[in-house]
Each structure stands twice: as structure tokens, then as C-alpha cells.
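Enquirer: Sharing a structure below in C-alpha cells format, with a few things to ask.
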Amino acid sequence: WGVPSPTLLVYSYVGQSSIVEGQITNLLREVPYNRKERGTMYIEPYHFHFRPIRSQVMETIEVQFSEQDGKMVNFDNKQTSTITLIFKNDV
């Protein structure tokens, strides 16, 4: 089967909390990735996952990333990091 790809965990208070492994968490998404070298990494999920949001009005959205072992990802370079959140209105 080989070695499983590492997973990047994306957290934010923008989405409603959920229960993961018996704990309440603000996990938005688990994203598998293959890190081949240091430097730029681009991840594009194949399927969008839409979750209920906490509030209809948001001024600031904070996002955190961690590895599978719970260690926060340290962005130690001065390059810009970008994440795109897609909001869908189900009327």
C-alpha cells in the first residue's frame, strides 16, 4: 500500500465546530499533500467541502495549519501565503 501522504489540517472559527475523534474542534478540512522539496507548495483539492458558517457577518477570518502530529505549520519565509475560501449561499 505504500506510505500514506502527509495531511495538512486547516482550522478556522469561520465554520461551525464539529466533533473529530471525540473532541470538539474547528477543523475545516484535511488536505493530503506530497512535499517534494522546500519552497512553494500548491494544493488544490479535488472536491469542495461546504460546511455551515458561524455568522453571516465576518470582519476577519483567521486560519491555522497543523501537521498530523498537531504541530502548527511554521511559515518561516517571507513569501506570501494564500488560501481561498469559497462560500456558497443555499437559498
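The values are calculated or read from the model by the stated rules, or taken from the named source; none is laboratory data. Because the structure is a prediction, the values reported are computed rather than measured. Note that we place each Cβ from the backbone using ideal geometry, even for glycine, and neighbour counts take in every protein chain shown. Keep in mind that these areas ignore ligands, DNA and RNA; they rest on the heavy atoms of the full protein, side chains included. Shrake-Rupley method; radii C 1.70, N 1.55, O 1.52, S 1.80 Å.
Enquirer: Inside region 9-41, can you point out the residues that are part of a loop (DSSP other than H, G, I, E, B), charged (D, E, K, R) and either modelled with pLDDT of 85 or more or loosely packed, with under 10 Cβ neighbours inside 10 Å (or both)?
Expert: Of everything in region 9-41, those that are part of a loop (DSSP other than H, G, I, E, B), charged (D, E, K, R) and either modelled with pLDDT of 85 or more or loosely packed, with under 10 Cβ neighbours inside 10 Å (or both) turn out to be Glu21, Lys36, Glu37, Arg38.
Enquirer: Which condition number in (1) modelled with pLDDT under 75; (2) of a type in the set (S, T, N, Q); (3) touching a strand residue (DSSP E or B) at 6+ places or on another chain (Cβ under 6 Å) is the one that Gln79 fails?
Expert: With (1) modelled with pLDDT under 75; (2) of a type in the set (S, T, N, Q); (3) touching a strand residue (DSSP E or B) at 6+ places or on another chain (Cβ under 6 Å) applied to Gln79, the lone miss is (3).
Enquirer: Do any residues in region 63-81 that are open to solvent by 100 Å² or more (accessible area, probe 1.4 Å) have Cβ atoms under 7 Å from those of residues that are assigned to a loop (DSSP other than H, G, I, E, B), where the two are at least six apart or on different chains, and which pairs are they?
Expert: Gln68/Pro6; Phe75/Ser81
Enquirer: Taking the condition of being open to solvent by 100 Å² or more (accessible area, probe 1.4 Å) and hydrophobic (A, V, I, L, M, F, W, C), how many residues in region 82-91 meet it?
Expert: Total meeting the criteria: 2.
Enquirer: So, in region 42-62, of the ones that are among the hydrophobic types (A, V, I, L, M, F, W, C) and open to solvent by less than 80 Å² (accessible area, probe 1.4 Å), which residue ends up nearest to the chain's Cα centre (by Cα)?
Expert: Filtering first and then ranking leaves Ile43.
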